[in-house]
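A.B. asks: I have a structure here, written as structure tokens, and I will follow up with some questions on it.
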There are 2 protein chains.
Amino acid sequence: MDNHSVVLDGLFVALADPTRRAVIRRLGCGRASVGDLARDAPMTLPSFMKHVRMLESNGLIHTTKSGRVRTCELNRERLALVEDWLAQQRRIWTDRTDRLERFVTHPEENK
Amino acid sequence: MDNHSVVLDGLFVALADPTRRAVIRRLGCGRASVGDLARDAPMTLPSFMKHVRMLESNGLIHTTKSGRVRTCELNRERLALVEDWLAQQRRIWTDRTDRLERFVTHPEENK
């Protein structure tokens, strides 16, 4: 299995959780501290930190610590890998639909 | 947790596997039998069937059986839910970038 596939596996697993998706959504509006992010999550801080670490280990977010505050930032490039994969699938269907359409509208080309 | 969130959880889990993503990609080119799909997968047929069942239980594919042949078909609408979620995230960043740009280029509007 190539490295890109392993990366995609991790990204999809990381996105398969509502708490982690909520963090991604919130960080789309700008950086936020773990404390602020955790306030919206219905769980203890240690449980929330596991989600933060999972997002970070899969590269979806970066975190930096200054004093006692850990700040999180979205890594859009990583999310773009998921978008790219979906766009590839869409291209495959679209190409197929285009071919089918040509077959129906210009059958002489297929003789 | 709402139903849409549970559905997204399942879709992301289903996509977090190279065999299942290969099936999605292949079915983008058109329907295929389980036998044909399994031929490309480096595993036994029972192991491959688990992947097929997981894709079907999450609604990413439909399967129909005719005699001894089970045919699989992609359910693009389900994959579109994942695309929609990603598009929402992108809108959030884009809106924020637009606001930041207006703030920099037209600071008088922000007084």
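A.B. asks: State the Cα centre-to-centre distance between region A:25-52 and region B:1-66 in whole Å.
C.D. replies: Cα centres, region A:25-52 to region B:1-66: 32 Å.
A.B. asks: Through the Karplus equation 6.51 cos²θ - 1.76 cosθ + 1.60, θ set to phi - 60°, convert the phi angles of region B:16-27 into ³J(HN,Hα) values in whole Hz; use x for Gly and Pro.
C.D. replies: These are the phi-based 3J(HN,Hα) values: 7, 7, x, 5, 5, 5, 5, 5, 4, 4, 4, 6 Hz.
A.B. asks: Mind giving me the FRET efficiency for residue B:39 and residue A:90? R0 is 30 Å, r the Cβ-Cβ distance, nearest 0.05 is fine.
C.D. replies: That gives a FRET efficiency of 0.75.
A.B. asks: Which one, B:32, B:45, B:12, is farthest towards the positive end of the dipole of chain B when Lys and Arg carry +1 and Asp and Glu -1 on their Cβ?
C.D. replies: Towards the positive end, the residue furthest out is B:45.
A.B. asks: Charges at C-beta only: +1 for Lys and Arg, -1 for Asp and Glu. How large is the resulting dipole of region A:1-100 about its Cα centre, in Debye rounded to 20?
C.D. replies: So the magnitude is around 380 debye.
A.B. asks: What is the dipole size for the protein assembly as shown, taken about its Cα centre, with +1 at each Lys and Arg Cβ and -1 at each Asp and Glu Cβ, in debye to the nearest 20?
C.D. replies: 520
A.B. asks: Simple spin-label model, 7 Å along Cα-to-Cβ: residue B:31 to residue A:66 in nm?
C.D. replies: 6.0
A.B. asks: Would you please give the FRET efficiency between residue B:75 and residue B:50, computed as 1/(1 + (r/R0)^6) with r the Cβ-Cβ distance and R0 = 25 Å, to the nearest 0.05?
C.D. replies: After rounding to 0.05, the efficiency reads 0.85.
A.B. asks: Quick one: which of B:23-30, A:97-104 comes out on top by average Cβ neighbours within 10 Å, and what's the full order, highest first?
C.D. replies: Highest to lowest by the protection proxy: B:23-30, A:97-104.
A.B. asks: A further question on this structure: Taking amide H atoms as placed 1.01 Å from N in the peptide plane, list the residues 5 or more away in sequence, or in a different chain, whose amide H sits under 5 Å from that of residue B:33.
C.D. replies: Under 5 Å from the amide H of residue B:33: B:72.
A.B. asks: Give me the Å³ per residue figure for the convex hull around the C-alpha atoms of region B:24-75.
C.D. replies: Per-residue hull volume (Cα only) is 72 Å³.
A.B. asks: For chain B, what is the mean residue ellipticity at 222 nm derived from helices alone (per DSSP H run of n ≥ 4: -39500 (n - 2.57); sum divided by total residues; nearest 500 deg cm²/dmol)?
C.D. replies: -21000 deg cm²/dmol
A.B. asks: Give me the log10 of I(q) over I(0) for the protein assembly as shown at q = 0.09 Å⁻¹, as the Debye formula computes it from C-alpha points; what are the numbers?
C.D. replies: Those come out to -0.48, one per q.
A.B. asks: Let me ask something additional. Which whole number gives the average count of other chain Cβ atoms within 10 Å of the Cβ atoms across peptide B:26-39?
C.D. replies: 2
A.B. asks: Moving on to the next point. Going from the alpha-carbon gyration tensor of region B:27-111, what semi-axes, largest first and in whole Å, does one get by taking the root of 5 times each eigenvalue?
C.D. replies: 47, 12, 10
A.B. asks: Moving to a separate point now. So how tilted is helix A:45-57 from the main axis of chain A? Cα-based, degrees 0 to 90, rounded to 10.
C.D. replies: Long axis of A:45-57 versus the principal axis of chain A: about 40 degrees.
A.B. asks: Also: What residues have an amide H closer than 5 Å to that of residue A:61, excluding those fewer than 5 places away on the same chain, when H is modeled at 1.01 Å from N in the peptide plane?
C.D. replies: Residues meeting the criterion, in which the H sits 1.01 Å from N, are A:56, A:75.
A.B. asks: Let me ask you something else. Taking a label point 7 Å out from Cα toward Cβ, give me the nm distances from residue B:59 to the same spot in the other copies, shortest first, one decimal.
C.D. replies: From this label point to the equivalent ones elsewhere in the assembly: 3.1 nm.
A.B. asks: Quantify how strongly other chains surround peptide B:11-19 by giving the mean number of their Cβ atoms within 10 Å of each of its Cβ atoms.
C.D. replies: Per residue, the number of nearby Cβ atoms from other chains is 6 on average.
A.B. asks: Please compute the alpha carbon radius of gyration of region B:1-42, then divide it by the globular-protein estimate 2.2 N^0.38 Å. Two decimals is fine.
C.D. replies: That ratio works out to 1.42.
Each value in this text was obtained by applying a stated rule to the coordinates, not by laboratory testing. Predicted, not measured: the structure shown is a model, and the values here were computed from it. Cβ coordinates were reconstructed from backbone atoms using ideal geometry, including for glycine residues, and neighbour counts include every protein chain displayed.
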